[in-house]
Amino acid sequence: MSISKKIILLGHFGVGKSSLIRRFVEDTFTDNYKVTIGVHILKKEVNISKEETVSLIIWDLEGNDDITNTRPSYMLGTSGIIYVFDLSRPATYKQLENDINYIKTNYPNTPVKVVGNKKDLVTKDFLKENNDVFKPFVDFFTSAKANTKVNDLFSTLAKELIL
Amino acid sequence: MLAEHKIVHQKAIYQYLTTDNKGLVLESDDTFFANIQSQNIIALHPFFYSITNLLDTKKEEEFLFSCIHLDTDNKNIIADITLKTFAKENPLLIIQDLTTHYNNYQLTAQKRNESVINSQILELKNKYLIEKEEFKNTFIANFSHEIREPLSGISTFVDILKKTNLNTEQADYLNIIKTSSNHLKHMIEDILDISKIEVGKLNLLEESFNTTAFLEEIIFTYKVKAKEKGLDFNNNIEEKLPNFLLGDPYRLKQILSNLLDNAIKYTKKGSITLDVSLNQIRANKANIHFEIKDTGIGIEEENFENIFTSFSQINQNQQNKGTGLGLAIVKSLVELMHGNIAIQSDFNKGTSISFNLSFKLDGSSKKEKVKTISVEKKEKEKYNVLLVEHSEITQLSVLKILAAQKRFFLDIVSNPEDVIPTLKNQKIDIILMDINLPNKTGDTLAQEIRQLPEKELKKIPILALTGKLFPEDLKRYKKAKINDVIRKPFDEKSLLKTIHKYLK
């Protein structure tokens with residue numbers, strides 16, 4: 001049995017949303033940064049079990065440093081949200097708590113996964129030192145470049161979508 | 001004619017299609033997606049899956065999805081897609097191709113985002129460098145402090161050993177130890193000074209000083225040093241110089257000493273000249289010109305800038321070794337005093353370094369302000385000194401120095417908890433307090449003493465023994481009502497001088 005679910009990726013520009021999707025869908029990565037404008041939409045089947053698959057319709061949204069400016073039409077029919085920030089740029093997680101509260105208030109029944117991306121650019125000590133900042137919110141520390149936890153992220157969310 | 005153009009243009013960039021409420025295409029004009037009648041729109045692109053739940057609203061509504069990338073096997077377009085639903089009619093989809101418009105916008109967004117990201121990365125790198133620099137300077141300050149402690153011991157015991165019966169060979173060896181430890185002490189001072197300057201923590205004093213006495217002391221010192229190397233020492237001090245000035249005589253001395261030491265170091269024969277003259281007096285400030293000339297090895301013009309850089313030495317032979325910080329400190333201090341340093345040099349002929357500094361005039365100083373503290377003044381009295389110190393080397397150093405005077409009884413306490421009981425049980429005239437005590441800092445202990453109910457105890461002079469002399473440290477000592485600071489490494493003279501200053 002296969003069902004389709006729309007998920008969207010939100011976050012500042014340059015945090016690696018498109019790279020995470022490219023890694024997940026095509027298993028590729030490039031260091032060249034290309035700005036996303038508007039929305040790219042990709043599809044990928046995820047096997048939940050032997051019998052069950054979920055077809056994820058992944059909306060890769062243009063980065064925005066103010067989450068409240070996200071176009072409302074993009075959010076229509078969203079089943080899951082992935083909020084991404086860049087571990088190597090504090091400006092992208094300065095508003096982390098406010099952004100997560102905004103998402104949870106406006107989309108109360110939608111599963112949300114919070115992702116600190118570009119883990120390959122920071123040290124273990126950095127993560128330890130900033131534990132208080134990240135721990136209350138972050139579900140996954142990923143690296144699209146090093147292919148760290150990318151599949152885990154999408155398949156965990158996919159499983160939650162069919163519960 | 002216009003209507004025809006309009007139709008052709010619109011036909012090229014618009015596709016209109018209607019579907020049923022499940023997404024099955026009923027009508028289409030085939031502009032981008034051709035031959036799609038009877039197909040479900042879900043098959044065209046994943047985007048359309050996302051809107052299928054909106055097709056069955058049976059209400060008059062309009063949804064606009066802008067800037068959607070419709071990448072298919074045949075064509076990639078960026079479009080605005082409008083979905084119109086009606087109460088009684090089938091839904092209408094309008095796809096408008098805006099690829100050119102959005103591609104232009106993409107270029108602008110790319111430039112803007114890259115610029116923002118680069119500036120954020122630069123800011124981070126800058127922050128990292130500042131933190132690294134601060135760590136380095138704090139490390140240097142702490143490390144230097146740790147070195148001062150044993151160095152203080154070496155210096156004190158060399159002085160004490162010198163006063164014992166030594167044969168000529170032993171005295172020579174001792175002189176070498178003394179010279180080496182002095183050299184090490186100066187290098188540590190230089191490293192500490194440059195690290196203070198670099199973090200902006202070096203504060204200048206403003207105190208009155210006697211211009212003549214100040215310059216005479218320098219001239220005397222360097223006449224002796226020049227003579228030891230077989231050089232002549234000339235000085236031209238203008239008589240019109242004001243008698244008293246307000247400024248930082250210690251740092252001015254450091255500037256002149258560094259330049260004169262350097263001049264002597266790099267001059268094999270000939271002379272060293274110190275010129276000091278008055279440029280002008282204006283707005284109660286005297287602008288004074290200082291110039292140090294030598295007939296030494298000189299500097300090539302391309303190296304003029306480098307000689308004022310930290311850790312830079314132009315002449316790197318073994319004889320002239322040092323930290324390479326002297327001139328960097330000189331330049332920084334002159335600039336801190338709002339002056340500019342200038343250099344003129346002829347390679348293999350000599351160098352002249354000059355600078356102008358402004359000092360406030362001290363009109364209130366009619367009488368001699370430089371007091372000499374007489375160590376001999378109170379020779380008939382005996383004083384009780386309490387030394388609070390955990391370093392055995394410092395304990396022994398103070399003990400030896402004071403014992404040699406035969407005018408002091410010394411009590412030593414290494415545990416801060418024993419200090420107040422000692423004060424209550426014995427009459428103490430003065431307290432020498434280490435700051436880095438185990439479990440409690442010297443300034444905290446001083447505060448506790450100042451809060452004692454017994455009037456005579458809380459007024460006992462407290463002198464800090466420490467190498468921690470950053471402005472924030474000095475503020476802490478002042479807040480704790482510590483009367484004065486004896487800088488580690490100390491020698492016999494500086495220790496006794498400060499002690500006598502506070503003995504009644």
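Quick check on my filter: what residues within segment A:15-28 are more than 14 Å from chain B (Cβ to nearest Cβ) and surrounded by fewer than 19 Cβ atoms within 10 Å (Cβ to Cβ)?
Across segment A:15-28, the qualifying residues are A:Asp27, A:Thr28.
So which residues in segment B:222-242 are in a loop (DSSP other than H, G, I, E, B), in contact with a Lys or Arg (Cβ under 9 Å, 6 or more places away or on another chain) and surrounded by fewer than 17 Cβ atoms within 10 Å (Cβ to Cβ)? Walk me through it before giving the result.
Applying the first criterion (in a loop (DSSP other than H, G, I, E, B)) to segment B:222-242 yields B:229-231, B:238-242.
Now restrict to residues that are in contact with a Lys or Arg (Cβ under 9 Å, 6 or more places away or on another chain): B:229-231.
Answer for segment B:222-242, where residues must be in a loop (DSSP other than H, G, I, E, B), in contact with a Lys or Arg (Cβ under 9 Å, 6 or more places away or on another chain) and surrounded by fewer than 17 Cβ atoms within 10 Å (Cβ to Cβ): B:Lys229, B:Gly230.
Just wondering, is there one or more residues in segment B:350-358 that are closer than 30 Å to B:Phe304 by Cα, assigned to a loop (DSSP other than H, G, I, E, B), over 33 Å from the mean Cα position of the chain (by Cα) and modelled with pLDDT of 85 or more?
First, pick out the residues of segment B:350-358 that are closer than 30 Å to B:Phe304 by Cα: B:350-358.
From what is left, the residues that are assigned to a loop (DSSP other than H, G, I, E, B) are none.
Looking through segment B:350-358, none of the residues is closer than 30 Å to B:Phe304 by Cα, assigned to a loop (DSSP other than H, G, I, E, B), over 33 Å from the mean Cα position of the chain (by Cα) and modelled with pLDDT of 85 or more.
Anything in segment B:122-134 that is surrounded by 13 or more Cβ atoms within 10 Å (Cβ to Cβ) and farther than 19 Å from B:Ile197 by Cα? List them, or say none. Even if it seems obvious, please write down each step before you answer.
The first filter runs over segment B:122-134 and keeps only residues surrounded by 13 or more Cβ atoms within 10 Å (Cβ to Cβ), leaving B:123-124, B:133-134.
Scanning segment B:122-134 gives B:Glu123, B:Leu124.
Output the residue which, of all residues in segment A:47-90 that are closer than 21 Å to A:Asn101 by Cα, among the aliphatic types (A, V, I, L, M) and within 13 Å of chain B (Cβ to nearest Cβ), is surrounded by the fewest Cβ atoms within 10 Å (Cβ to Cβ).
A:Leu76
Restricting attention to segment A:91-101, and to residues there that are of a type outside the set (Asp, Glu) and surrounded by fewer than 17 Cβ atoms within 10 Å (Cβ to Cβ), which single residue is farthest from the other protein chains (Cβ to nearest Cβ)?
Narrowing segment A:91-101 to residues of a type outside the set (Asp, Glu): A:91-96, A:98, A:100-101.
Now restrict to residues that are surrounded by fewer than 17 Cβ atoms within 10 Å (Cβ to Cβ): A:94-95, A:98, A:101.
Numbers: A:Lys94: 11, A:Gln95: 14, A:Asn98: 19, A:Asn101: 24 Å.
Across segment A:91-101, the extreme among qualifying residues is A:Asn101.
In segment B:460-496, how many are at pLDDT below 90 and either of a type in the set (Gly, Ala, Ser) or closer than 22 Å to B:Asn425 by Cα (or both)?
Selection size over segment B:460-496: 2.
Any residue in segment A:29-43 that is facing chain B (nearest Cβ under 7 Å) sitting within a Cβ distance under 6 Å of a residue that is assigned to a loop (DSSP other than H, G, I, E, B) and of a type outside the set (A, V, I, L, M, F, W, C)? List the pairs, counting only those 6 or more apart or interchain.
Between residues of segment A:29-43 that are facing chain B (nearest Cβ under 7 Å) and residues that are assigned to a loop (DSSP other than H, G, I, E, B) and of a type outside the set (A, V, I, L, M, F, W, C), the close pairs are A:Ile37/A:Glu62; A:Gly38/A:Glu62.
Scan segment B:92-104 and tell me whether some residue there is modelled with pLDDT under 90 and farther than 30 Å from A:Ser88 by Cβ.
Of segment B:92-104, the ones modelled with pLDDT under 90 are none.
No, every residue in segment B:92-104 fails to be modelled with pLDDT under 90 and farther than 30 Å from A:Ser88 by Cβ.
Can you give me the ranges of the strands (runs of 3 or more DSSP E) entirely in segment B:1-98 with at least 2 residues that are within 14 Å of chain A (Cβ to nearest Cβ)?
Strands (runs of 3 or more DSSP E) meeting the threshold: B:61-71, B:76-85, B:92-97.
Does B:Lys475 meet the test of being basic (Lys, Arg) and under 31 Å from the mean Cα position of the chain (by Cα)?
On the way: basic (Lys, Arg): yes; under 31 Å from the mean Cα position of the chain (by Cα): yes.
Answer is yes for this residue.
The values are calculated or read from the model by the stated rules, or taken from the named source; none is laboratory data. Keep in mind the model is a prediction, meaning the values are calculated, not measured. In this analysis, Cβ positions are derived from the backbone assuming ideal geometry, glycine residues included, and neighbour counts consider all displayed protein chains.
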